[in-house]
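Peer 1: Got a structure here, written out as structure tokens. Questions coming.
The values are calculated or read from the model by the stated rules, or taken from the named source; none is laboratory data. Computed from a predicted model, the values in this text were never measured in an experiment. Using ideal geometry, Cβ is built from the backbone for each residue, glycine included, and neighbour counts are taken over all protein chains shown.
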Amino acid sequence: MMDFKTDCRQVIETFPDIFLEIGRDLKIHFWNETAVEILGYTRTEVEHQHCEEVLCHLDENGEKLCGTSHCPARMTTGEPVTGKYYIRLKSGSLLPFTGKTWSVNGGETVLHFLSDATWRSELESKVQELEKLALMDNLTEIGNRRYGELSLDKNMDRFKRYGDPFGVLFLDIDYFKNFNDTYGHETGDRVLKMVALVLKYSIRPSDTITRWGGEEFLVILSNITPDYIENIARRIKNLIHKAHVNFDGRFLKITASIGYDIIKEGDTVIDLLARADSYLYKSKEMGRNLITGSFGTIK
């Protein structure tokens with residue numbers, strides 16, 4: 001006869017959400033089939049491995065949670081604790097999840113459920129709409145330059161009519177040519193896709209991301225404050241730095257330089273883009289992997 005724990009695990013195998021059982025030693029003791037399908041690791045690869053080495057929990061701003069008091073695997077309360085996290089897949093990409101965690105057996109075991117962040121489905125619907133309208137970049141599956149131009153015009157119209165402020169963020173992948181020359185164009189394409197994925201899951205569904213050209217991306221943030229655009233820039237930079245591309249078993253790290261600014265009275269779209277582009281150039285000139293805006297430059 002099967003024991004209660006075995007029965008429970010069989011039921012959990014049917015769950016549509018990711019389920020992990022983590023011991024006091026912070027090692028993964030159980031990993032359901034949904035986790036295998038979504039995260040890409042087999043059970044053999046993860047069971048009895050340290051949680052930090054596999055999942056790399058990050059908070060909503062891309063800051064590391066593992067090893068801190070906020071780490072879900074370190075929860076000791078019997079009450080459920082919910083949170084939003086970015087989790088690293090085997091491929092190296094990061095995806096957002098909503099998590100629920102609680103400890104059982106006197107703190108000996110932590111149960112951790114992860115479900116898709118609800119706004120991911122909204123973004124996927126947006127991709128389908130872009131495809132229909134021929135406004136999608138086929139490689140990265142985000143908006144193309146034409147889509148960005150249309151979004152800029154709409155935001156400028158709202159600014160003139162209602163005073164709704166918006167900002168733009170230019171991002172350029174550091175040393176991208178080296179990825180192509182050293183690892184081949186296929187790996188370069190994977191780098192572009194990874195960065196696009198980070199951007200896609202770093203912003204609100206109402207914001208716009210486009211591949212502006214080559215390894216340069218444009219993010220358009222609607223109805224914002226200076227603090228918001230700075231926080232988004234930090235989040236994007238952190239998440240790109242924490243993600244990686246897997247190349248023949250090696251993890252290739254990527255960084256990006258960012259320049260941004262907010263629309264001002266009397267600006268044209270060209271004025272705004274020119275300032276953001278000049279700030280991007282300054283980030284690259286000062287050593288790359290930096291964010292520059294009207295406030296100055298930050299690491």
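Peer 1: Return the residues of region 273-299 that are assigned to a strand (DSSP E or B) and surrounded by 23 or more Cβ atoms within 10 Å (Cβ to Cβ); say none if nothing qualifies.
Peer 2: Scanning region 273-299 gives I291, T292, G293.
Peer 1: Any idea which of (1) modelled with pLDDT under 90; (2) surrounded by fewer than 16 Cβ atoms within 10 Å (Cβ to Cβ) is the one F247 doesn't satisfy?
Peer 2: Exception for F247: condition (2).
Peer 1: Within region 246-272, which residues are part of a strand (DSSP E or B), of a type outside the set (V, I, T) and under 24 Å from K200 (Cβ atoms)?
Peer 2: N246, F247, F251, L252, K253, A256, S257, G259, Y260, D261
Peer 1: One residue is enough: does region 70-85 have a residue meeting the conditions buried (at least 16 other Cβ atoms within 10 Å of the Cβ), outside the structural domain of V198 (by TED's automatic domain parsing), β-branched (V, I, T) and farther than 18 Å from S115 by Cα?
Peer 2: no
Peer 1: Go through region 269-289 and count every residue that is without any contact (Cβ under 8 Å) to a residue 40 or more places away in the chain and either more than 15 Å from F170 (Cβ to Cβ) or among the hydrophobic types (A, V, I, L, M, F, W, C) (or both).
Peer 2: 4
Peer 1: Counting only residues that are assigned to a helix (DSSP H, G or I), surrounded by 17 or more Cβ atoms within 10 Å (Cβ to Cβ), modelled with pLDDT of 95 or more and more than 20 Å from the chain's Cα centre (by Cα), how many does region 157-182 have?
Peer 2: The number of residues fulfilling the criteria is 1.
Peer 1: Residue pairs, Cβ under 8 Å, 6 or more apart or interchain, first in region 229-245 and part of a helix (DSSP H, G or I), second acidic (D, E). List them.
Peer 2: Hits for this filter: R235/E60; N238/E63.
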